[in-house]
Amino acid sequence: MHRLANNFSVSTNPPSGITPNIVTPSSCATGLERCCYAGPYQCGLQYPPVASARAPLAGQAAYGEYPWQAVLLGPGDIYIGSGALIDPLNVITAAHRIADYISGSRVLRVRLGEWDASSASEPIPALEYTVTKIFVNPNYNSANLQNDIAMLRLSSAVPLGTTPTITTACLPATSFVGSTCWVSGWGKNDFISGAFQAIQKEVDVAVKSSTDCQTALRTTRLGPSFVFDSNSFVCAGGEAGKDACTGDGGSPLVCSLNGRFFIVGLVAWGIGCGTSNIPGVYVNVASYIPWITRTVSLT
């Protein structure tokens, strides 16, 4: 597996001197009830850019642009994959990325506020948490990745609203088929000869209908009888050179609505990476909102 640099400046306390500029609606719009917390914090909102941050190169995300994205780390800072922060104590990810950690025999950690994995010179230190419980969807099938979703319970609550590099994304309450959305991560830049990325990358992909997903995937080695499971999955992309790839498992696919970002998918699987007319496949987060809601309440 790819190893992230282990020379980070990691803190469990929010940095001082940060004054968040959070847009606070007077009330939650219809369909946004799930993201409303008491107090000034609201989900799915990006902060203004950090003035002292390095400018990104082509294809790289801006520093703090995807503040809900979590990095999953195993012993020795081994990179496991990504996830998305949905509330102060819980991260959702693809179940297949953390299958080796379900027994609890190995420590799994979550790092938030990450951007450049090869440097400790970022303007704001990342925050790091131990995973104390792992909840895997009971219908997860490792053979075909149906119901490929898990929730990670953090060792302590994330101090939301204290740093511009860490926020939550909202859970989806509407369809985003036809929307251009974004996926970000540190995965490989090519399926065959690619390398893992030190700096977070981003790519825009269009969300497809389940019919279009099935039609496209039937042209691959999956064959003409392949049935796309639209409860488990959504697909997006299909433009040459624009895709998530190996190592991006669990990375959030987010779509914007009225300035607020929603987690529509989590990177699950694909046939190669960035092949023309072949979309990538993501966990259909909307299907699992009842499970997510129940699981959040578990102790």
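Quick one: go through segment 89-118 and flag any residue whose amide nitrogen is under 14 Å from the point 7 Å out along the Cα-to-Cβ line of residue 130.
Backbone N within reach: 104-110.
Report the FRET efficiency, 1/(1 + (r/R0)^6), for residue 202 and residue 118, where r is their Cβ-Cβ distance and R0 is 22 Å, rounded to 0.05. Before the final figure, lay out each step's value.
Numbers: r = 18 Å, r/R0 = 0.80.
Calculated value: 0.80.
By per-residue mean of other Cβ atoms within 10 Å, what is the highest-first order of 220-230, 251-261, 62-72?
Result, highest mean first: 62-72, 251-261, 220-230.
Can you bin segment 106-192 into rounded, prolate or oblate? Criterion: square roots of the alpha carbon gyration tensor eigenvalues sorted a ≥ b ≥ c, rounded for a/c under 1.5, prolate for a/b above b/c, oblate for the rest. Kindly include the intermediate steps, with their values, before the conclusion.
On the way: a/c = 1.43, a/b = 1.25, b/c = 1.14.
Because its axes are fairly even, with a/c under 1.5, segment 106-192 counts as rounded.
Given H placed 1.01 Å from N in the peptide plane, which residues other than close sequence neighbours of residue 133 have an amide H under 5 Å from its amide H?
153
Please compute the modelled spin-label separation between residue 210 and residue 231, points set 7 Å along Cα→Cβ, answer in nm with one decimal.
Taking the simple label geometry, residue 231 and residue 210 are separated by 0.9 nm.
May I ask you to order 49-61, 155-167 by the average number of other C-beta atoms within 10 Å around their residues, highest value first?
The densest-packed peptide leads the list: 155-167, 49-61.
Along Cα→Cβ, 7 Å out, is where each label goes; now give me the distance between the ones at residue 99 and residue 218 in nm to one decimal.
2.8
Find which of 117, 147, 52 sits farthest along the positive direction of the dipole of segment 41-190, computed with +1 on the beta-carbon of Lys and Arg, -1 on that of Asp and Glu, about the Cα centre.
The residue sitting most towards the positive pole is 147.
Using amide H atoms built in the peptide plane, which far-off residues or other-chain residues are under 5 Å from residue 284 H to H?
233, 234
To the nearest 0.05, how large is the calculated FRET efficiency for residue 276 and residue 139 if R₀ is 45 Å and r is the Cβ-Cβ distance?
0.85
At q = 0.19, 0.23 Å⁻¹, what base-10 log of I(q)/I(0) does the Debye formula yield for segment 192-299 when every alpha carbon is treated as an equal point scatterer in vacuo?
-1.00, -1.31
Read-outs: derived from the displayed coordinates by stated rules, not from any lab. All values derive from a computational prediction rather than experimental measurement. Positions of Cβ are generated from backbone atoms using ideal geometry, with glycine treated the same way; all protein chains shown enter the neighbour counts.
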